[in-house]
Every structure is written in structure tokens, then in C-alpha cells.
1. Restrict the check to segment 29-39 and report whether at least one residue is under 15 Å from A93 (Cα atoms) and part of a loop (DSSP other than H, G, I, E, B).
2. Can you name the condition, by its number, that A165 falls short on among (1) under 18 Å from T124 (Cα atoms); (2) in a loop (DSSP other than H, G, I, E, B)?
3. Would segment 120-140 turn up any residue that is touching a Cys at 6+ places or on another chain (Cβ under 8 Å) and either part of a helix (DSSP H, G or I) or at pLDDT below 90 (or both)?
4. Within segment 141-153, is there a residue that is out of contact with any Pro (no Cβ under 9 Å at 6 or more places or on another chain), under 29 Å from T96 (Cβ atoms), part of a strand (DSSP E or B) and modelled with pLDDT of 95 or more?
5. Going by the conditions given, is R115 part of a loop (DSSP other than H, G, I, E, B), surrounded by fewer than 19 Cβ atoms within 10 Å (Cβ to Cβ) and charged (D, E, K, R)?
6. Can we say V99 is under 16 Å from the mean Cα position of the chain (by Cα), open to solvent by less than 40 Å² (accessible area, probe 1.4 Å) and closer than 26 Å to V27 by Cβ?
7. Looking at segment 44-85 only, could you name the residues that are part of a strand (DSSP E or B) and either open to solvent by 70 Å² or more (accessible area, probe 1.4 Å) or of a type in the set (D, E) (or both)?
8. Could you tell me which numbered condition Q45 fails, if it satisfies all but one of (1) out of contact with any helix residue (DSSP H, G or I) (no Cβ under 8 Å at 6 or more places or on another chain); (2) touching a residue at least 60 places away in the same chain (Cβ under 8 Å)?
Amino acid sequence: MRLAVFGATGGTGMRVVGQALDRGHQVVALARRPESITIDHPNLQVIVGDVLTPDTAATVVDGADAVVSALGIGFHRHATTVYSDGTANILSAMKTAGVRRLLVVSTSSLHLPDRSRTVEWLVTRFLLHPMLRRPYADMTRMEQRVRSSDVDWTLVRAARLTNSASSSSTYRTARHAAKLPGCWSISRADLAGYLLDQVQDNRSHRDIIEIAH
């Protein structure tokens, strides 16, 4: 398959690119700083540009079989439109190119767990939401745009991301926007592997999935 990857220079995006190439896929990756992508592979094409530029997003998506978006600003607190406007450009490019499959990384802490899960609720409500309210607001807009689109989307809400080695036999998922108990962390390697597993799995079309170890 030919995969278009956005957010390719981030921790998750880099793992998506590497694992996709290992699986034999062709990858087109967007990067504002192409030197950040250190992988050299004949099936990798790096396009220099910004997802906030509609023409650039269209170039990356053109000819793709599926799109994986791992857009993000890291653990920063400032206001942004990268999530919402970047995703809007991706969706527009997909419509023009006739590409149907979209997988988007979001975060499990965007929505509060049940209050009965006291520690998780307290951490999310009184630490994460106040500290990250501006990027979370844009991530909420991103999710709304994805959910209102007519593509075959999957939103993957990941727990706190770590750089630990893959342990794919132990991660858990919850479908239909359900909340996982003990949703504390997930390795970027496992998240990347899960995203790639879902590319051709139509059971996750138009679904919101939470993932954690």
C-alpha cells in the first residue's frame, strides 16, 4: 500500500514510517524539517512543507491508499490550530484525491474518565485539562471535523505516550468511545503498530478507539 503520513517527524509518526516500511508499504511523509527524518529507504518519499498549507497536504495525499495523521505539538501548552486546520487540509486533500481511509491520533485524556476512577479523574480534571486546555480545545475541534467527515475514519485516543520498547501482547483497546480503566500509558511503538494494523481493517471504520497498556 501507499501510505501518506502526517506528523512524520514526531515520536509516533517516525515509528509509523519505520514500521510501515518494514511491512513493505510505500510511504510519503510530510516534514517541515526533512533532516529530522533519518530513515533512508527506497520506498520512502519525503515532501518538504507544512500541513497548514493546503497545496502541500494535497501533494502528500495524492495517490495514497490511506492516510495516517499523527499531528501534534508535543507537551506544549500554547494555543494552536495544527490539529484542527491541519486535519481540515488533510480531509480536503482526501476528498479531492478520492482517498477514503484515515487514521488519526488523539488523546485519551481529552475526555474525563468516570468519576469513580478517582485518581485518573483527579489527574485529568485538575492537572491535564487546566494545563493543556488550549491545545486540547484545538484537538476537540480536530475530532469534530473528523467525525463530521464522510471518509472511513478511525480516531485512536492514546494514553500518555512513552518511548519504551514494543509490548504488543499487553496493550488493551476499548471501542465506541469507551474509556479504559487504568489508562495511563502506551508506547509509541505499540501505537504505531496498532495504527498500521487498522489501515485495512474495516471493523474500525467510523469508530473511536482508546488504547493503553
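1. No, because not a single residue in segment 29-39 is under 15 Å from A93 (Cα atoms) and part of a loop (DSSP other than H, G, I, E, B).
2. Result: A165 passes all but (1).
3. Scanning segment 120-140, I find at least one residue that is touching a Cys at 6+ places or on another chain (Cβ under 8 Å) and either part of a helix (DSSP H, G or I) or at pLDDT below 90 (or both), so the answer is yes.
4. yes
5. Yes, satisfied.
6. Considered against the rule, which asks whether it is under 16 Å from the mean Cα position of the chain (by Cα), open to solvent by less than 40 Å² (accessible area, probe 1.4 Å) and closer than 26 Å to V27 by Cβ, V99 comes out as no.
7. Q45, V48
8. (2)
The values are calculated or read from the model by the stated rules, or taken from the named source; none is laboratory data. The structure presented is a predicted model; accordingly, all values stated were derived computationally and were not measured. So basically every Cβ, Gly included, is an ideal-geometry build from the backbone, and we count neighbours across all protein chains shown. For accessibility, only protein heavy atoms count, side chains too; no ligands or nucleic acids. Shrake-Rupley method; radii C 1.70, N 1.55, O 1.52, S 1.80 Å.
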